[in-house]
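Visitor: This is the structure, below, for whatever I ask next.
The values are calculated or read from the model by the stated rules, or taken from the named source; none is laboratory data. This structure is a prediction, so every number in the text was calculated from the model and none was measured. Because the Cβ atoms are built from the backbone with ideal geometry, glycine has one as well, and the counts that use them run over all protein chains shown. Each accessible area value is taken on the protein alone, full model and side chains, heavy atoms only, with ligands, DNA and RNA left out. Shrake-Rupley method; radii C 1.70, N 1.55, O 1.52, S 1.80 Å.
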Amino acid sequence: MSEYHLSRIFYNDRREMKKLDALLAQEGIERDANLHYTIGLYDDDYHLAATGSCFANTLRCMAVDSSHQGEGLLNQIVSHLIQYEFEQNITSLFLYTKYDKALFFRDLGFYEIARADGKVVFMENRRNGFSSYLENLKKETAVQLEALSPAGNLPVGAVVMNANPFTLGHLHLLATAAAACSLLHVFVVSEDASLVPFDVRLRLVKEGSSHLKNLVFHQTGSYLISSATFPSYFLKEKDVVIRTHAKLDTAIFGRISQTLGITIRYVGEEPSSQVTGIYNEIMEADLPASGVTCRIIPRKTAGPEIISASTVRERIHSGDTESIRGLVPETTLNYFLSDEAADVVEKIRQSGEVRHY
């Protein structure tokens, strides 16, 4: 049996990246676009025998050369990545794995949260992590209810939004849903992978909808999955990636809805987005199994134009921030015209991609 040594792989090292891509391809994996730390285990001949990576609080792109399997190398990779994350003060860890590999990661101390279609299992390293998140949702609801005026005998609903940034389209969705519900739970995607930071997005959602008196606000944490944290590296077809992501998200939301008594989830129609269209299709089909109806609300328009966060970002990107008036609430407009937003505006203007598809 060979002796192995561990070494970090840097993304500007073309020779080692070529080895990495070859190993991943051999094991049927495509390198994820979202990685920030990658390591390799090398044998005496400096052959790459195993690898693994991190992105934020997720472990990903883990593979062992078929000629070295059965030597406990993946265990070494995972142990090192966990240690590395802990050294960065990241202690709540998540991973996605193929269905047939879930038992291995369970033996390493990971616990299943949800699975989709026999393809992907979503896991975390805390036995009670997800159940604690659900309990916290109930506590947040109880605290916020003290200052709210819930309507009478109407259902409890929910909306999940990124709000990057908060637009009149988002407000229309919230107002429509709030009018039909006794209580509306609003989940704002809390991962900071958007051009507008989470704390700003959450604040603008709250400020822009402050006249609606039956809204309860929550962060999604790492559970309602965003496209940035969901890896596509072991699912080859784009359509399969989107559908599997949507099915995992829907399964997790089913658990949340049962905890909070949610019976309707409102989503915005998205005629120009393949991803959102497939998401809506999956939710319409799968949410009823959890006792939840998916209701798609037609998008609000400004004249002939559909209001979208992508359009707002495009106008800021072009240097015409004033032109977002009429697409966003006054609170969002005031933010982008303020000195506070200078860094965010510059980030949008420097971004190579401001439209999502």
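Visitor: Highest mean first, what order results for 138-150, 183-195 on Cβ atoms within 10 Å?
Guide: Final packing ranking: 183-195, 138-150.
Visitor: Would you please put 41-54, 98-111 in order of how densely packed they are, using the mean number of other Cβ atoms within 10 angstrom per residue and starting with the highest?
Guide: Values: 41-54: 19.7, 98-111: 14.4.
Result, highest mean first: 41-54, 98-111.
Visitor: Right, here's the next one. Tell me, what does the Kirkwood hydrodynamic radius of the stretch 112-157 come to in angstroms if you use every pair of distinct C-alpha atoms?
Guide: Kirkwood radius, the stretch 112-157: 13.5 Å.
Visitor: Say R0 is 51 Å: what FRET efficiency, to the nearest 0.05, do ASP107 and GLU340 get from their beta-carbon distance?
Guide: My answer for the efficiency is 0.55.
Visitor: Over the stretch 44-195, with a single point scatterer placed on each C-alpha, what log10 of the ratio I(q)/I(0) does the Debye formula yield at q = 0.11, 0.15, 0.18 1/Å?
Guide: -0.64, -0.95, -1.15
Visitor: At HIS5 and ALA33, where each label point lies 7 Å from the Cα along Cα→Cβ, what is the point-to-point distance in nanometres?
Guide: 3.6 nm
Visitor: Another one. Just the number, please: carbon plus sulfur as a percent of the accessible area of the stretch 30-140, 1.4 Å probe, no ligands or DNA/RNA counted.
Guide: Within the stretch 30-140, the accessible surface is 44 percent carbon and sulfur.
Visitor: Only helical DSSP H runs with n ≥ 4 go in: add -39500 (n - 2.57) per run for the chain, normalise by residue count and round the 222 nm mean residue ellipticity to 500 deg cm²/dmol.
Guide: On the way: 11 runs with 135 residues, N = 357.
Computed mean residue ellipticity for the chain: -12000 deg cm²/dmol.
Visitor: Hey, what's the chain come to in accessible area per residue, 1.4 Å probe, Å²?
Guide: 46 Å²
Visitor: What's the angle, to the nearest 10 degrees (0 to 90), between helix 168-179's Cα axis and the longest principal axis of the chain?
Guide: 70 degrees
Visitor: Also, I was wondering about something else. Starting from the stretch 140-218, pick out the trypsin sites (Lys or Arg not before Pro) whose DSSP state is loop and whose Cβ has at most 13 other Cβ atoms within 10 Å.
Guide: When the trypsin sites (Lys or Arg not before Pro) of the stretch 140-218 are filtered for loop state and at most 13 Cβ neighbours within 10 Å, LYS213 remain.
Visitor: D for the stretch 1-111, whole µm²/s, Stokes-Einstein with Kirkwood Rh over alpha-carbon pairs at 37 °C and 0.692 mPa s: what number?
Guide: Rounded, D is 231 µm²/s.
Visitor: Take ILE90, ILE29 and sort them by solvent-accessible surface of the protein heavy atoms, 1.4 Å probe, largest at the top.
Guide: Order by accessible area, largest first: ILE90, ILE29.
Visitor: For Rg/Rh (Cα atoms, Kirkwood Rh), which listed value, (i) 1.09; (ii) 1.00; (iii) 0.96, comes from the coordinates shown?
Guide: So the calculated entry is the one marked (ii).
Visitor: Over the chain, what is the mean sequence separation of C-alpha contacts under 8 Å (at least six apart), divided by residue count, expressed as relative contact order in percent?
Guide: Reported relative contact order: 13 percent.
Visitor: Enter the angle in degrees (range 0 to 90, nearest 10) between the Cα long axis of helix 238-260 and the first principal axis of the Cα atoms of the chain, meaning the one along which they spread out most.
Guide: On a 0 to 90 degree scale, this one is about 60.
Visitor: Under 29 Å between C-alpha atoms is the cut-off here; go through the stretch 1-147 and count lysine pairs that meet it, provided they're at least eight residues apart or on different chains. Mind dumping the intermediate values first?
Guide: Details: LYS18/LYS98; LYS18/LYS101; LYS18/LYS119; LYS19/LYS98; LYS19/LYS101; LYS19/LYS119; LYS98/LYS119; LYS101/LYS119.
Within the stretch 1-147, the lysine pair count is 8.
Visitor: In a shell of Cβ-Cβ distance under 15 Å around CYS181, excluding CYS181 itself, what net charge do Lys and Arg (+1) and Asp and Glu (-1) give?
Guide: Working: positive: LYS213, ARG265, ARG295; negative: none.
Every neighbour counted, the sum reads +3.
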